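Read the structure below first, then the notes.
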Amino acid sequence: MGYTLDDLADDALAVMEAHGVERAHVIGRSMGGMVGQVLALDHADRVATLTLACSTPGLGDERLPVAADWLLERMTERLFTGPPRDASDRVAWIVEQDEWFAGSRYAVPTASRLVIAVAEVARCWYPESGHGAAVGASPSRLDRLGGIGVPTLVVHGTADPVFSVEHAVALADGIPEAELWLVEDLGHELPDGLMRDLLPRLTAHLTRAG
């Protein structure tokens, strides 16, 4: 089947093994949330709680909406303008994409995001390529969500242009006793400004571990 989310879940388990961690509070944003679902489904004994932010149970599942039209148009336009010419162009591309994803509720800290983008490009020119292939090669988990038996918190923005609110509702409806927190005007990011509200809710959620 090639490189899939199962491989990424195995990587997470390998890190846990290396550090002697028997069970973990798994928190994943976007694709990280997809990996978290795989862990909770296939390695439930290793997951204490699950937090899914800006995520989906199935990229490409026809029962769920695709990305916002305006985002698809911009991504298509970018595709046809050609790949980044050099490292600085690639950094600018990442920062611009983050601005697309951000939503209107919280300001994007451009300076700090620029530092992170530079580090990302220095580490790997196009890190999304392998991970994107893994997501594309993995089946939808929508029909398996009922098998997740750990306390689950779903965090999602009402202005997420990548995965609309329907994706979050599908997660919360499918996972038994999952808690859904919709954040008004939040996009496909977890900005610093959100932390004041998120951390107390997250702390309370982690105490639900059995």
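So the values come out like this:
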| quantity | calculated |
| --- | --- |
| Given charges at beta-carbon only (K, R positive; D, E negative), |dipole| of the stretch 105-210 in Debye | 320 debye |
| About the Cα centre, charge dipole magnitude for the chain (Lys/Arg +1, Asp/Glu -1 at Cβ), debye | 360 debye |
| Distance in nm between pseudo-label sites at Ala119 and Thr158 (7 Å out along the Cβ direction from Cα) | 3.3 nm |
| Stretch gain in nm, segment Val66-Ser140, where the contour uses 0.36 nm per residue and the Cα spacing is subtracted | 25.3 nm |
| Those GluC sites (Glu not before Pro) in the stretch 79-180 that DSSP places in a loop and that have at most 12 other beta carbons within 10 Å | Glu177 |
| Per residue, the convex hull volume that the Cα atoms of the stretch 69-131 enclose (Å³) | 98 Å³ |
| Top positive-direction residue, dipole computed over the chain with Cβ charges, set Val15, Val154, Val66 | Val15 |
| Proxy reagent accessibility, fewest Cβ within 10 Å first, across Trp100, Trp70 | Trp70, Trp100 |
| Cα-based convex hull, the chain, per residue volume (Å³, whole number) | 135 Å³ |
| Fluctuation leader among His43, His188, His19 - the chain, Gaussian network, Cα springs under 10 angstrom | His19 |
| Residue-averaged [θ]222 nm for the chain, counting only DSSP H segments that reach four residues, each worth -39500 (n - 2.57) | -14500 deg cm²/dmol |
| Semi-axis lengths (Å, descending) of the ellipsoid that matches the C-alpha gyration tensor of the stretch 5-112 | 31, 18, 15 |
| Computed over the stretch 1-137: relative contact order in percent, which uses C-alpha pairs under 8 Å that are six or more apart | 26 percent |
| Fluctuation leader among Val169, Val121, Val154 - the chain, Gaussian network, Cα springs under 10 angstrom | Val121 |
| Inter-site label distance for Ser112 and Arg23 at 7 Å from Cα along Cβ, in nm | 3.2 nm |
| GNM flexibility winner over the chain from Ala119, Ala133, Ala12 (Cα, springs under 10 Å) | Ala119 |
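No lab work stands behind these numbers, since they all come straight from the coordinates. These figures come from a predicted structure and were not determined experimentally. With ideal geometry, Cβ positions are generated from the backbone for all residues, glycine too; neighbour counts draw on all protein chains shown.
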